Amino acid sequence: MIKQDFISKYIQELNKTLARIIEIGDADEGFLIIFNQMLQSYYKIDDNQLSILLEENQERDQFLLADELKKKNILTFMKAIRIYLNRNDNDRAKASYEVLKRIENINSGIFQFPTEEDQIIAEQRKIVEEKMNAI
């Protein structure tokens with residue numbers, strides 16, 4: 001029970017961090033700094049090791065694939081992809097894209113009505129797909 005409470009608290013903190021990351025405007029450098037801090041704090045990796053998030057790992061997956069974090073994780077990784085592509089860092093963009101697909105492919109089984117966040121995800125998804133198809 002204590003472990004579950006701890007994990008719940010950690011998920012709440014990650015949710016706040018992801019919200020902060022998403023809200024950073026077009027400041028690519030600021031985003032990458034906070035993105036890397038998030039990767040280090042919650043996943044114990046840096047952006048050179050993004051492909052590790054493709055491997056099943058119960059400890060990491062409870063944050064990466066949590067239902068309550070899914071949309072924010074999707075938006076965060078889409079933003080990372082766009083920034084990496086703008087910097088011509090195709091390897092990190094591809095790794096982030098694969099992580100994005102893994103997150104999206106997890107079916108929570110919970111029905112949710114479409115939200116404004118879903119509309120933003122759909123718009124951003126179009127942009128990311130176009131850019132990924134161009135490389």
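Computed from the coordinates by the stated procedures, all read-outs in this text should not be read as laboratory data. Since we're looking at a predicted model, the values are computed, not measured. No Cβ is skipped: glycine too gets one built from the backbone with ideal geometry, and neighbour counts run over all protein chains shown.
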Report task. State whether the chain is rounded, prolate or oblate according to the following rule on the C-alpha gyration tensor (a ≥ b ≥ c being the square roots of its eigenvalues): a/c under 1.5 gives rounded; otherwise a/b larger than b/c gives prolate, and the remaining case gives oblate. Result -> prolate
Report summary line: If every Lys and Arg gets +1 and every Asp and Glu gets -1 at its Cβ, then about the Cα centre the chain yields a dipole, in debye to the nearest 20, of 60 debye
Report summary line: Applying the gyration tensor rule to the Cα atoms of region 55-135 (axes a ≥ b ≥ c; rounded if a/c under 1.5, else prolate if a/b exceeds b/c, else oblate), the class is oblate
